[in-house]
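The next block holds one structure in the form of structure tokens; read it before the comments.
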Amino acid sequence: MFFMPTAFVREAHEERIVSTLHTPAAKAEALEAVTLTGPEAARFTKLSAKTLERHAEAGEPVGRIKIGRRVLFLKASLESWLAGKANNPSTSTTH
């Protein structure tokens, strides 16, 4: 039996919702509901924005996406990443 991680299913669902909206305003509103800006993500994770960027650049699944020049973070990915860090305290997260 094949199980998909909950965060992956949630992200796929969120992306499907955003892609099915037809007006730019509706897409922007839906995107804002499932994403955080860099400073918002930093406050959410209680890490500095620079540290969060380092984790993303290191390939950790923090849900960083670029849309044009905007850098956003998927809320579901951040939640899953933080939960993984909480379940495995041997992996340190420095500020």
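The values are calculated or read from the model by the stated rules, or taken from the named source; none is laboratory data. Because the structure is predicted, anything quoted here is derived from the model rather than measured. Every residue, glycine as well, gets a Cβ built from its backbone with ideal geometry; the counts of neighbours run over all protein chains shown.
If you go through region 39-57 one residue at a time, how many are in a loop (DSSP other than H, G, I, E, B) and either within 13 Å of the chain's Cα centre (by Cα) or small (Gly, Ala, Ser) (or both)?
Total meeting the criteria: 1.
Here are the criteria: (1) in a helix (DSSP H, G or I); (2) at pLDDT 90 or above. Tell me which single one Glu60 does not satisfy.
Here Glu60 clears every test but (1).
Restricted to region 58-73, and to residues that are charged (D, E, K, R) and either exposed (fewer than 12 other Cβ atoms within 10 Å of the Cβ) or closer than 22 Å to Ala30 by Cβ (or both), which residue is farthest from the chain's Cα centre (by Cα)? So that I can check it myself, show each step before the final result.
Initially, region 58-73 is screened for residues charged (D, E, K, R), giving 60, 64, 66, 69-70.
Restricting the remaining residues to those that are either exposed (fewer than 12 other Cβ atoms within 10 Å of the Cβ) or closer than 22 Å to Ala30 by Cβ (or both) gives 64, 66, 69-70.
Values: Arg64: 6, Lys66: 11, Arg69: 17, Arg70: 14 Å.
Restricting to residues being charged (D, E, K, R) and either exposed (fewer than 12 other Cβ atoms within 10 Å of the Cβ) or closer than 22 Å to Ala30 by Cβ (or both), the top hit is Arg69.
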